[in-house]
Amino acid sequence: MPPKMMGRVSRRRPIGKTYSGEPGQTMIIDAHAHLGSDEVFDVNFTEDTLVASRRANNIQATLLQPGTVHDLAGVQRQHDDIAELCSRFPGRYHGIANPSPHLPAEQYEVEVRRCIEQLRFVGVKLHPLAHAVDPLGRHGRRVFELALALPVPVIVHSGIGIPWADPSLLSPIAEEWPELAIVVAHAGGAVFTAQAELLAARHPNVYLETSWTPGSQVLAWARKLGPQRLMFGSDHADNAAAELAKLRSTGLDDEELLWVLGRTAATVFPLDSSQRP
Ligand SMILES: [Zn+2]
């Protein structure tokens, strides 16, 4: 691992203090969407489907990850495509970097730094299933260390893909780096909801993205953990309408919906590039 990744950094962004939306405004932010071809799941996430679903559902901002790609050149192309879309729709799309953590250490770091520092992406993804990564292994820890140094949040896939997609494995990381925001994608994937809840209850720097999670579970978490810990995600563009209907019909009050639909994501991710140190 390059020496500059080894140490902690002192310049860190505070978590959860930078929401800049208007009071009372319900801004919808999709914290989990994809653009590009996915080699593992055989899905092609197209721009047309994505953009149409944003328009149809009045989604103001989208955090956009590539599909799963294993080689460096392939993921660079997808990152560039995301950056190009972001530049065509300023403020509407924000990139999330996801090169394979199994790339050589220097390649991984250079590509993530290119995404965050040059393309102005706002986070890093770790996919324990698609990239076959143990979050607590040498290559898994590399993701969190680099994100903390930049500093940006890490989104981690959870649920399908045991043992490494078990949210419990993130507890030592959340404890070791309390100023690193960790977003648990799919909040345990409906199977490991109890583990996701224990993780979030124990670590205030953990947030749950609720795609594919039952609405009743989201409501229970809003009351137990607070809506400030929950964020809407679609994962697939054609799932956005279903996820929004779920959140709007499950019994969340207006204030809770405000947070889950957008305010939480706006506080956790540096969507306004002026927030970036
Ligand atoms: Zn996804």
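The values are calculated or read from the model by the stated rules, or taken from the named source; none is laboratory data. All of these numbers come straight from a predicted model, not from anything done at the bench. Neighbour counts are summed over all protein chains in view; Cβ atoms, including those assigned to glycine, are modelled from backbone coordinates with ideal geometry.
When V184 is tested against (1) over 23 Å from N58 (Cβ atoms); (2) out of contact with any Pro (no Cβ under 8 Å at 6 or more places or on another chain); (3) within 16 Å of the ligand (Cβ to nearest atom), only condition (2) is not met. What is the number of the single condition among (1) touching a Phe, Trp or Tyr at 6+ places or on another chain (Cβ under 8 Å); (2) surrounded by 15 or more Cβ atoms within 10 Å (Cβ to Cβ) that D134 does not meet? Of everything listed in (1) touching a Phe, Trp or Tyr at 6+ places or on another chain (Cβ under 8 Å); (2) surrounded by 15 or more Cβ atoms within 10 Å (Cβ to Cβ), D134 misses just condition (2).
Looking only at segment 53-70, residues that are in contact (Cβ under 8 Å) with a residue 40 or more places away in the chain and either within 12 Å of the ligand (Cβ to nearest atom) or surrounded by fewer than 16 Cβ atoms within 10 Å (Cβ to Cβ) (or both) come to 5 in all.
Could you identify the single residue in A194, A165, A200 that is surrounded by fewer than 24 Cβ atoms within 10 Å (Cβ to Cβ) and either in a helix (DSSP H, G or I) or within 16 Å of the ligand (Cβ to nearest atom) (or both)?
Working: A165 fails: surrounded by fewer than 24 Cβ atoms within 10 Å (Cβ to Cβ); A200 fails: surrounded by fewer than 24 Cβ atoms within 10 Å (Cβ to Cβ).
Going through A194, A165, A200 in turn, the sole match is A194.
Quick check on D80: is it of a type in the set (D, E), under 16 Å from G123 (Cα atoms), assigned to a helix (DSSP H, G or I) and modelled with pLDDT of 90 or more? Judged against the criteria, D80 is a match.
Taken over segment 229-275, the criterion of being part of a helix (DSSP H, G or I), surrounded by 19 or more Cβ atoms within 10 Å (Cβ to Cβ), of a type in the set (D, E) and within 16 Å of the ligand (Cβ to nearest atom) is satisfied by E243 alone. In the set (1) under 27 Å from S37 (Cα atoms); (2) in contact (Cβ under 8 Å) with a residue 40 or more places away in the chain, A242 fails one condition alone, (2).
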